[in-house]
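Values in this text are rule-based calculations from the coordinates and carry no lab data. As the structure is a prediction and not an experimental result, all values here were calculated from the model. Here Cβ is always computed from backbone atoms with ideal geometry, including for glycine, and neighbour counts include all displayed protein chains.
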Amino acid sequence: MRKMRLPIAITIAATGCTTANAPPQVEPPARQLEGECDASAVQNHLGHRATADVGSQLLEMTGARQLRWVPSRTAVTMDYRADRLSVTYDDDMKIVTIACG
């Protein structure tokens, strides 16, 4: 009988240390990694003239490390790079798409 008391006492003591209403685990907010591109804030540049100055502004505003100009009717690689901004422009040098990758 004595041997049964010890496991019961340990179980009771251990369950008394747990909390039934533990706070839920909270994920930290997602942060943009250094050099990772985010083109959401530069979509207002669609229709602007594609120039070196605009390219510099787009790089700074998106956080990208690399800028890829894509003329119309040009084939480009499909590899995805989180640190690259791709800007497509038409024959009139107007920006038609701005996207990361």
Integer Hz, Karplus 6.51/-1.76/1.60 couplings in order for the range 95-101, x for Gly and Pro
5, 10, 9, 9, 8, 7, x
Give the peptides 53-61, 73-81 in descending order of average Cβ contacts within 10 Å, highest first.
53-61, 73-81
